[in-house]
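Student: Right, I'll just put the structure down here and ask away after.
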Amino acid sequence: MASHVLEMIGNTPLLRVRHLDTGPCELYLKLENQNPGGSIKDRVALSMIEAAERDGRLQAGGTIIEATAGNTGLGLALVAAQKGYHLILVVPDKMSREKVLHLQALGAEVILTRSDVGKGDPDYYQDRAARLAASLPGAYYIDQFNNPANPLAHESGTGPEIWSQLGHEVDAVVVGVGSSGTLSGLTRYFAAVSPRTEFVLADPAGSILADHVEHGRHGAAGSWLVEGIGEDFIPPLADFSRVRRAYRVSDKQSFDCARDLLRHEGILGGSSTGTLLAAALQYCREQTTPKRVVSFVCDSGNKYLSKMYNDFWLFDQGLLRPAPAGDISDLIPRRHDNGQSVICHPDEPLTVVYQRMRLHDVSQLPVMDAGRVIGIIDEWDVLMSVHGEPENFHQPVFTAMSSNVETISPRASLQDLLLLFNDGHIALVMDGNRYLGLITQSDLLTHWRQRLLPA
């Protein structure tokens, strides 16, 4: 029995993959999502903070500053809260909403910065964190990318656990690289106990690290949606000397694999877990002799429910593309004929309908009665109904809705759609008497943005 939550960090279980095709190999996943903060980075956070305490760089009640694009911030927030430190985190704005809310709930101060800029730009998250630390007297910049206590957490903890759990038989380890602590720490440990163990890099497509491993050089980085791994520079702590194979994994492959892991193995993993799993499965299937391979469930997928586990987010990113109809109905994100649309009924109270808009992050709803669209209600309609008279929230929808509904055929042109928008309307797509769904200006913008994305 643990007497303190920090005692629960580490000693995570190992699970054999049973329901996915692993070729001739046995694939094991170390469930780092079982750490109290929900990720492998709890180990690193505790190691770095305790190292700073030992050497006097961190004083009681002090301020810790860090740049993080993934779960290190959550681990630091957990440990800092337990030990009484103030924590300021500079994070790129692609971090999932769940992570940001989790950080704030733990008491961390979160500063969002741009995710579309590289090292050397004033808004690059690491550069901005370093400047902030230099400007605050007594603040400690923990700097996971240059902190030797980062890989030490895995050399002294994660590695020995894997070695013991697999009975001293480990043929290959599949890892991703962000700060490179996991790779470098495990490399040191297995170099000592099992020099024959291979290391395999799982890298998001767009990251430069796979190029570095294969060619010793790299070009400009691209972009990717997976969080926590992949880099646009070579991390100073990185040790790629034992990496024998590198796989480039697309965002779609990563998200599909993570969702397959949940569906077939019952494990809710995050986006980087999908990247590692995709690479591990490919590696296993390529082998001609049996091997024991281990990888990681790096963090919990509950931090990504609004993103990779949300079909509508995937649709907006161009990663979930149903069979096209070849007309403007392809722009509908929530098809009514597939049971995905959000609607309301004329006798529902406005308070319920407004809450539904907020829940589904929409600004308007079609009003349906007996399967027919009889009107539309948007936030402006609700505002006008309750302005100065909040008790009108209890009034039914039909008192506030607009019956002036503009419909459009799925066979109409984009120009027809633009004209309808220009007149201030939302497009309700009707195929005869059959309602298919609605298209907003935002949906059309998403359609054009997707033209920039790879097929």
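Student: Stokes-Einstein at 25 °C, 0.890 mPa s, Kirkwood radius from Cα pairs: D for the chain in µm² s⁻¹?
Tutor: Reported coefficient: 101 µm²/s.
Student: Computed FRET efficiency, Cβ-Cβ of Glu169 and Asp21, R0 30 Å: what is it to the nearest 0.05?
Tutor: For Glu169 and Asp21, the calculated efficiency is 0.90.
Student: Based only on the alpha carbon positions, what is the Kirkwood hydrodynamic radius of segment 264-369, in angstrom?
Tutor: 17.5
Student: Output needed for segment 81-220: three equivalent-ellipsoid semi-axes, defined as square roots of 5 times the C-alpha gyration tensor eigenvalues, in descending order, whole Å.
Tutor: 31, 21, 14
Student: Along the Cα→Cβ direction, 7 angstrom out, place labels at Glu53 and Asp123. What is the inter-label distance in nm?
Tutor: Each label point is offset 7 Å from its Cα along the Cβ direction, giving 3.8 nm.
Student: Over segment 201-317, consider all pairs of different Cα atoms and compute the Kirkwood hydrodynamic radius from their mean reciprocal separation; express it in Å, one decimal.
Tutor: Its Kirkwood hydrodynamic radius stands at 14.9 Å.
Student: Right, something else. Which peptide among 123-135, 410-422 comes first, and what is the full order, when sorted by highest mean count of other Cβ atoms within 10 Å?
Tutor: For the peptides 123-135, 410-422, the packing ranking is 123-135, 410-422.
Student: Would you mind checking the pairs Lys83/Lys303; Lys41/Lys83; Lys30/Lys303; Lys41/Lys303; Lys252/Lys303; Lys83/Lys119 and listing those with alpha carbons more than 20 angstrom apart?
Tutor: Pairs exceeding the cut-off: Lys83/Lys303; Lys83/Lys119.
Student: Follow-up. Suppose accessible area is computed on protein heavy atoms with a 1.4 Å probe; arrange Tyr247, Tyr309 from highest to lowest.
Tutor: Most to least solvent-accessible, the answer reads Tyr309, Tyr247.
Student: Pop out the carbon and sulfur fraction of the accessible area of the chain as a percent, whole number, probe 1.4 Å.
Tutor: 50
Student: Evaluated at 10 °C with a viscosity of 1.306 mPa s, what Stokes-Einstein diffusion coefficient in µm²/s does segment 316-455 have when Rh comes from the Kirkwood expression over alpha-carbon pairs?
Tutor: For the chosen part, D equals 100 µm²/s.
Student: Residues of segment 340-455: accessible area per residue at 1.4 Å, in Å²?
Tutor: 59
Student: Calculate, for Ser413 and Gln104, the FRET efficiency according to 1/(1 + (r/R0)^6) with r their C-beta to C-beta distance and R0 56 Å; round to the nearest 0.05.
Tutor: 0.75
Student: Under 11 Å from a point placed 7 Å out from the Cα of Asn146 along the Cα-to-Cβ direction: which residues of segment 87-127 have their backbone N that close?
Tutor: Answer for this model: 127.
Student: Could you give the distance between the Cα centres of segment 179-218 and segment 47-72, to the whole Å?
Tutor: Here the two parts' Cα centres lie 26 Å apart.
Student: In addition: Please work out how much length the chain gains when fully extended from His394 to Arg321, using 0.36 nm per residue of separation minus the C-alpha to C-alpha distance, in nm with one decimal.
Tutor: Value of the extension gain: 22.3 nm.
Student: Here's something else I'd like to know. Just order 47-57, 156-166 by mean Cβ neighbour count inside 10 Å, highest at the front, would you?
Tutor: Per-residue mean Cβ counts within 10 Å order the peptides as 156-166, 47-57.
Student: Okay, next question. For segment 1-149, what is the percent of antiparallel DSSP beta bridges, rounded to the nearest 5?
Tutor: The answer is about 20 percent antiparallel.
Student: Okay, moving on. So if I take the centroid of the Cα atoms in segment 310-359 and the same for segment 4-45, what is the distance between those two points in Å?
Tutor: Measuring centre to centre over Cα atoms gives 36 Å.
Student: If I fit a long axis through the Cα atoms of helix 41-54 and take the longest principal axis of the Cα atoms of the chain, what angle between them do I get, 0 to 90°, rounded to 10?
Tutor: Value to nearest ten degrees: 50.
Student: Going by amide H atoms built from the backbone, whose H comes under 5 Å of the H on Val226, apart from near neighbours?
Tutor: none
Student: Something else about it: With every protein chain kept in place and ligands, DNA and RNA left out, what is the accessible area per residue of segment 38-161? Probe 1.4 Å, answer in Å².
Tutor: 38
Student: While we're on this one: Can you list the HN-Hα couplings for segment 281-295, worked out from phi with the Karplus curve (6.51, -1.76, 1.60; θ = phi - 60°), rounded to whole Hz and with x for Gly and Pro?
Tutor: 5, 5, 4, 4, 5, 7, 6, 9, 10, x, 9, 9, 10, 10, 9
Student: Would you pull out the residues with amide H under 5 Å of Leu87's amide H, same chain only if 5 or more places away, H placed 1.01 Å from N?
Tutor: Ile64, Glu109
Student: Please list 274-281, 239-246 highest first by mean number of surrounding beta-carbon atoms within 10 Å per residue.
Tutor: Per-residue mean Cβ counts within 10 Å order the peptides as 274-281, 239-246.
Student: Average the reciprocal distances over every distinct pair of alpha-carbons in segment 260-317, invert the result, and give the Kirkwood radius in Å.
Tutor: By the Kirkwood definition, the hydrodynamic radius is 12.6 Å.
Student: Report Rg(Cα)/(2.2 N^0.38 Å) for segment 184-237, keeping two decimals.
Tutor: Compared with the compact-globule rule of thumb, segment 184-237 sits at 1.29.
Student: Can I ask one more? Which cross-chain or sequence-distant (5 or more) residues have an amide H under 5 Å from the amide H of Ala246, H modelled 1.01 Å from N in plane?
Tutor: Those qualifying (amide H under 5 Å, at least 5 residues apart or on another chain) are Leu201.
Student: For segment 154-224, what is the convex hull volume of the alpha-carbon atoms per residue, in Å³?
Tutor: 93
Student: Let me ask something else about it. Two decimals is fine: what's Rg over Rh for segment 42-123, C-alpha atoms, Kirkwood radius as Rh?
Tutor: 0.99
Student: Any chance you could give the angle, 0 to 90 degrees and rounded to 10, that helix 181-193 forms with the longest Cα principal axis of the chain?
Tutor: Tilt relative to the chain: about 30 degrees.
The values are calculated or read from the model by the stated rules, or taken from the named source; none is laboratory data. All figures in this text were calculated on a predicted structure; none of them were measured in a lab. When we count neighbours, we look across all protein chains shown, and the Cβ atoms used for this are built from the backbone with ideal geometry, even at glycine. Accessible surface areas use protein heavy atoms only, side chains included; no ligands, DNA or RNA. Shrake-Rupley method; radii C 1.70, N 1.55, O 1.52, S 1.80 Å.
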